[in-house]
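Asks: Have a look at this one before I ask anything.
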Amino acid sequence: MNAPQLDMAAIAPLAFAAFGALFVLLGEVWLTRRRTNEHFINAALSVLSISFLGLSVYCAGAAFSDGTTRVFDPANPMLSLDRFAAYSIALIGIASLLICFASISYLPQVGINHGEYYALLLLSTAGMFLLVGATDLMALFLGLELMSIPLYVMAGFDRRNLRSNESAFKYFLVGSFASAILLYGIALVYGVTGSLGFDAIRAGFPPGNPIGIVGLGLLVVGFAFKVASAPFHQWAPDVYEGAPTSVTAYMAITVKVAAFAALLRLLTQAFGPVTASLSDLFWVLAALTIVVGNVMAVIQTNLKRLLAYSSIAHAGYLLIGFATGTVEGYGAVLFYLLVYVFTNLGAFAVLMALAQGGRDCDTLDDLAGLARQRPGLAALLTLFALSLAGIPGTAGFVAKFFVFESAVASGQTVLAIIGVLGSVVSFYYYLRLPVQMYMSEAATETPRRHAATGELLVLAVCAVVVLFLGFFPSHAPGVLGAVRALEWARSSVAMLY
Amino acid sequence: MAADHAGAASSPGARALTAIGIAIALGFAGALASLVPAVAGGAAPSVAVPWLPALGVALAFRVDGLSLLFALLISGIGALVLLYAHRYLRGHPHAARLQLFLTLFMLSMLGLVLADDAVVLFVFWELTTVTSYLLIGFDSESAKSRRAALQAMLVTGSGGLALLVGLLILGGVTGTLRISEWIAAGSVAGQVAYTAVFALVVLAAFTKSAQFPFHFWLPGAMAAPTPVSAYLHSATMVKAGVYLLMRMHPVLGGTELWFWTLTVAGSATALWASIVALRQTDLKLALAYSTVTALGFLVLFVGAEIGIAITAAVTFLIVHAFYKSALFLVVGIVDHATGTREAQRLGGLARTMPTTAAAAGLAALSMAGFPPLLGFIGKELKYEAALAIVSQPLVLATLLVVANALTFAVAAVVAFRPFWRGEPETPRMPHEAPRRMRAGPLLLAAAGFAFGVYPELVGRYLVEPAVAAIRATPMEVDLKLWHGVNVPLAMSVATALLGLAIYAAHERVRAVLARAVSALPLTGERAFDASLDALRSFAAFQTRILQGGSLRRYLFATWLVLPAAVGSVLVLRGGLAWPASPSPVPVYAWPIVLLVAAGSIAPIVTTSRLASIAALGLVGAGVSLLYLLFGAPDVAMTQLLVETLTVVIVAVVLLRLPRFSGRDHPGSAGRARDAALAIAAGTTVSALLLAVLASPLDPSLSDWFAANALPAGFGRNVVNVVIVDFRALDTLGEITVVTVAACAAYALLKLRPGASSEQEGA
């Protein structure tokens, strides 16, 4: 039997993340034996994770500019590193890497300074890399589980906290449920096509077969759980609220990117010819998600819950792109994800920088008087809130514009109007953040800590991206404008066809 | 806000920002003024830089008669207001911030009126909303101004988003986002999308320009410092809606829908606001409502197609900008000097503040429409237009006369009575304002006078190009002070007489109005509050229903949706199937079937967790017996093992949980609901299974294994051969994983703190 011809470069980002996880686990044992202080261990492990993630991102970046498609095992194509995968991997990798930076000071502040954190984060990231590169339903499922199982643990990472426990338990139950639905869908699709590979499914999918459609629908529902789209969203606020803020950020940002990217690949590469028949399903999902997310965010007083509903609403805007079913729509989705990562990460990083003395900053009241005590953080949080709301001049506006524009161009005007109305409602709750920071005073004044270097770095990166993509959408040479980013996103999507 | 920080010096930052702002304003004003002759000659200088070429969006700007008129007003009045505000807030800790916001607002406003690209227009439109939010909420310590700022932002911001959708649809219809190309292409009235575009654009314009029923935010916005009100709420921001309507006139105008919507809304706004304006005792509020009146007039005349109406609108726009900003600035001075804006407490100020009084008098005469001021020309044109736009002008003319008479009375209350009647009872001794504060109102009021005496200049260079741009056809405009004795003049005389009568009786009229207005069940403001409350209670309701925190509910919602979705696909796509020749159920299988059915019903009936789990185990055992009966002993074996293990593990966990009671425990209604849900899900899955069975099975894989099991794997049990031979490596991997997981679980159990002591206790 001949040894298969394997292209190792195709799994380089995945391998770096996975090996990184093992190194971090070993490194923790090694360092703890030497009884150095806890903060040093934490920082060292974080730097180790960042280096491995950096290597992954570098590989993905190289693959992206190279533009060729590398298949890990050409005889049995299950995993490939192409432009689309490279774009998504780079995005996920950068987000994870920045979260590691911000965690260096956050974890000790809330007293959950354990090295497994970074190992779990890297494992989950590896799962996401697998998920977005999978070209086979089995590999897809493996990636999904590898992404999810470490997350269940991370959600309960603050294990002395009942809420964190509840969060982990709920996430685990709902997540397993979603996996089961997804598996059912895979089984049905396999039943009608006789294959699991995307290309083979595309060739053999019988159009109009109700079982195939049910299978595809169940697959979509499985993903709808993962991205917290209504009516499968209920777990998200409870889980986001209970988990430590850095984990919430990780869940809200990277999981959404990975799941949306994988869904996008699935719908174009495997189900391209029949995706049009799902347009109505996505229409309903998008409309429901926008309404539910925005309306329920209005009455939240807990910041993490508020951001949870906001992320639900953003999932709704993203689903608009899916409802269009056009290359422009999908391109807008990928661009939106880019903006989503940096805007949300910035907002969460501010919250992480405000955690101190074992307490998370997680209610609106905790923000009172921030503008006087930490004007820089207040200004940044305002910037991110405005970008989330989609105010012109920020990246959030450009992203929303592309999505709504693609919807109008493909005739989904009603959906675009629903999206716009949702944005109107969202002004109301996003504006409460600056109002609270600038216009009210704290009842009891506790001195706030200074933001640490890692947090400042994350905030700076996010702010620069949000402003640059918002202000310089042009082709100015040497400037990362929205146009170039959109071109990246579009070329990544176009490659899937 | 009586911001008097007299004696305190202005900070260097505030001074620098003021200087920069004024320099920008004057620079723009100068550059634009130099374009006046060219634009009057019919040229339209433009510039375009690609911005989002992928979407056809460009940073395009274009100066035609209409944009030029607006831009000149914005930059000119902007310079005066900046100068005034610098002195008004001298020593205020945030004076520099105000100047910065004012300058930013001015730039947004200039961008808005000069934009030639729909997206650029929208972006600047929203930027004016954001900067006006900052300006209205400037006094951020006060809850009232925070509320007003938010209200203005929500009302005008949502209008802005409507505008975006409207413009995008229009872009889709015409294939371009360049506004000048839309205008060149002409009306889109015949298109299907016309009504939608019209509704969205008009909504945006009405919210921004405070038309009934969206007018309520404007009086609220008076919480802003007075220079802000003078700038935003008289001359610039509130006119943005009117600008939009004028801009879109060639594209959307000329239809019945356009005419009636604008005429009715405009006249309703004008009449209603002029009545409410008289009710106010706060000078600033009275001015705010009279601004709403003026905006109503403007919308009313933009609705018409004929040249005289447009001329009236443009002329009145200029008139109003001059006198209203002058009066706002005067009220600011009065407030500054006396400490109050209450009409009843002010009087006889002309003695101590002669210059301010002169400015106020000139502006008020223009507002009341006396010759030889520009206001007179504006009013005559309005009457002339009102007589021409409808065939039966009686209603419209009466309405206009009444509204103007009320405006006349308001002008007298605001700018005549405080200066020349009665005695002051003010908190502070009145004194004349500093020179820098007097300059603005005096210049603006004087402009109203000068242009009234020499109207030809304004008519030729400002009004005519603007009218030509709005109607997209050149038209000669000849402004004259004296038109001879005609119907409009008679109406003017009637207006003045009626206005005098109302002024004479205004104390009594005010009392009647106050009672009448407070008796109204629904005003825009109350509707706004009610809709915010409704949103909040809807959100609370939704949260109660969907987000109780109970996992049972979440899963319930999921199970409600899934069978419905799957079932509807099966029904709609013809997937329901019944096996062609169902094999008969053997007699000995019936008891097992009944056992399984009983096991499924039991969990719904029982209140014990353990019993539920045991019953579910019964279902599993029954199913494995069925496997056995149908000749699949290996599958039956696996199923039985898994079932047993599951029951044991779950039972171990359940024994440690508290009793199943309280709100988690469903009552009889809850159980009926659960049963219905279970039946629905079960039916759907059964239907799905039947559908799967009905479609042909791909036999290639099973045939291959059946054919190769004996020759290649030397075994007759195909499943065994697959596990230990064909997929042996997979099996090894699985075993390894299970072993490692078991080791890890054991280690965790050993490590659990207090594990040993608990065991002793148990």
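Asks: Relative to 2.2 N^0.38 Å, what does the C-alpha radius of gyration of the stretch B:254-504 come to as a ratio? Two decimals please.
Replies: The value comes to 1.00.
Asks: Where does chain A land at 222 nm, in deg cm²/dmol rounded to the nearest 500, when only DSSP H runs of n ≥ 4 count, each adding -39500 (n - 2.57), divided by all residues?
Replies: Rounded to the nearest 500, it is -24500 deg cm²/dmol.
Asks: Once the principal axes of the Cα atoms of the stretch B:377-417 are found, what is the range along each, listed largest first in whole angstroms?
Replies: 40, 20, 7
Asks: Once R0 is set to 30 Å, what does the formula 1/(1 + (r/R0)^6) return for the Cβ-Cβ distance between residue B:560 and residue B:594, expressed as a FRET efficiency to the nearest 0.05?
Replies: Efficiency computed from Cβ-Cβ geometry: 0.55.
Asks: Let me ask something else about it. Probe of 1.4 angstrom, ligands and nucleic acids ignored: what's the accessible area per residue over chain B, in square angstrom?
Replies: On the way: 33300 Å² over 762 residues.
That works out to 44 Å² for each residue.
Asks: Largest first, what is the accessible-area ranking of B:125, A:30, B:420, A:283 with a 1.4 Å probe?
Replies: A:30, B:420, A:283, B:125
Asks: Kirkwood-based Rg over Rh for chain B (C-alpha set), two decimals?
Replies: 1.22
Asks: Okay, moving on. Roughly how many nanometres apart are two label points built 7 Å out from the Cα toward the Cβ at residue B:712 and residue B:181?
Replies: If labels sit at residue B:712 and residue B:181, their model points lie 6.3 nm apart.
Asks: For residue B:212, what accessible surface area do you get with a 1.4 Å probe? Give it in Å², rounded to 10.
Replies: About 90 Å², ignoring ligands and nucleic acids.
Asks: Enumerate the helices in chain A for which the Kyte-Doolittle hydropathy averages 0.5 or more and the C-alpha atoms extend at least 30 Å along the helix's axis, using complete DSSP H runs.
Replies: A:12-33, A:38-66, A:83-110, A:162-193, A:303-324, A:327-354, A:413-439
Asks: Which value in deg cm²/dmol, rounded to the nearest 500, describes the helix-derived mean residue ellipticity at 222 nm for chain B, given -39,500 (n - 2.57) per DSSP H run of n ≥ 4 and division by the residue count?
Replies: Values: 32 runs with 542 residues, N = 762.
When only DSSP H runs of four or more count, the value is -24000 deg cm²/dmol.
Asks: If you don't mind, there's one more thing I want to ask. From the P(r) of the stretch A:85-208, could you give the percentage of C-alpha pairs in the tail past 18 Å?
Replies: Numbers: 4741 of 7626 pairs.
Value for the stretch A:85-208: 62 percent of Cα pairs lie more than 18 Å apart.
Asks: What is the local net charge at residue A:326, summed over the other residues whose Cβ is closer than 14 Å to its Cβ (Lys, Arg +1; Asp, Glu -1)?
Replies: -1
Asks: Between chains A and B, what is the buried accessible area summed over both chains (1.4 Å probe, protein heavy atoms, nearest 100 Å²)?
Replies: 5200 Å²
Asks: On the Cα set of the protein assembly as shown, report Rg and Dmax in Å, please.
Replies: Answer for the protein assembly as shown, Rg first and Dmax second: 35.8, 120 Å.
Asks: Here is a further query. If you place +1 on the Cβ of every Lys and Arg and -1 on the Cβ of every Asp and Glu, how big does the dipole about the Cα centre of the stretch B:254-504 come out, in debye to the nearest 20?
Replies: 740 debye
Asks: Which angle between 0 and 90 degrees, to the nearest 10, do you get for helix B:12-40 versus the longest principal axis of chain B when only C-alpha atoms count?
Replies: Approximately 70 degrees, to the nearest 10.
Asks: Report Rg (one decimal) and Dmax (nearest whole number) for the stretch B:102-221, counting Cα atoms only, units Å.
Replies: So, for the stretch B:102-221, Rg and Dmax equal 15.6, 52 Å respectively.
Asks: Find the percent of Cα-Cα distances in the stretch A:208-351 that exceed 28 Å, and round it to a whole number. Write out the running numbers ahead of the final one.
Replies: Values: 1720 of 10296 pairs.
In whole percent, the share of Cα-Cα pairs in the stretch A:208-351 beyond 28 Å is 17.
Asks: Which FRET efficiency value, to the nearest 0.05, is calculated for residue B:257 and residue A:441 with the Förster distance at 56 angstrom and r the Cβ-Cβ distance?
Replies: Details: r = 51 Å, r/R0 = 0.91.
E between residue B:257 and residue A:441, to the nearest 0.05, is 0.65.
Asks: Further question: How do A:59, B:743, A:462 stack up against each other in accessible area, from largest to smallest, with a 1.4 angstrom probe?
Replies: Largest accessible area first, the list is B:743, A:59, A:462.
Asks: Taking Rh as the Kirkwood radius computed over C-alpha pairs, what is the Stokes-Einstein D of chain A at 10 °C in a medium of viscosity 1.306 mPa s, expressed in µm² per second?
Replies: 70 µm²/s
Asks: OK, next. Once ligands and nucleic acids are excluded and a 1.4 Å probe is used, how much of residue A:190 is accessible, expressed in Å² to the nearest 10?
Replies: Using a 1.4 Å probe on the heavy atoms, I get roughly 90 Å².
Asks: How charged is the neighbourhood of residue B:70? Take every other residue with its Cβ under 10 Å from the Cβ of residue B:70, and add Lys/Arg as +1 and Asp/Glu as -1.
Replies: Local net charge: +2.
Asks: Run the quick spin-label model on residue B:689 and residue B:31: label points 7 Å from Cα toward the beta carbon, then report their separation in nm to one decimal.
Replies: 7.7 nm
Asks: If Lys and Arg each add +1 and Asp and Glu each add -1, what is the summed charge of the other residues whose beta carbon sits under 11 Å from the beta carbon of residue B:86?
Replies: For residues surrounding residue B:86, the net value is +4.
Asks: Quick one: how many Å² of residue A:170 are accessible to a 1.4 Å probe, rounded to 10?
Replies: Here the residue's solvent-accessible area equals roughly 10 Å².
Asks: Roughly what angle does helix B:95-114 make with the longest principal axis of chain B, taking Cα atoms, 0 to 90 degrees, to the nearest 10?
Replies: The angle comes out near 90 degrees.
Asks: Using a Förster distance of 30 angstrom, determine the FRET efficiency expected from the C-beta separation of residue B:493 and residue B:392, and round it to 0.05.
Replies: 0.85
Asks: P(r) of the stretch B:6-134 in 5 Å steps, Cα pairs, percent per bin?
Replies: The distribution over the stretch B:6-134 is 2, 11, 18, 19, 17, 13, 9, 6, 3, 1, 0, 0, given as percents.
Asks: Related question: For the protein assembly as shown, with the dipole built from +1 on Lys and Arg beta-carbon atoms and -1 on Asp and Glu ones, taken about the Cα centre, which of B:441, B:594, B:65 lies farthest toward the positive end?
Replies: About the Cα centre, the residue reaching furthest to the positive side is B:441.
Asks: Ok, one more. Show B:145, B:581 ordered by accessible area, largest first, where the area counts protein heavy atoms only and the probe is 1.4 Å.
Replies: Descending order: B:581, B:145.
The values are calculated or read from the model by the stated rules, or taken from the named source; none is laboratory data. Bear in mind the structure is a predicted one, so any value in this text is a computation, not a measurement. Here the Cβ is made from the backbone with ideal geometry for all residues, glycine too, and neighbour counts use every protein chain on show. The area values use the complete protein model at the heavy-atom level, side chains included, leaving out ligands, DNA and RNA. Shrake-Rupley method; radii C 1.70, N 1.55, O 1.52, S 1.80 Å.
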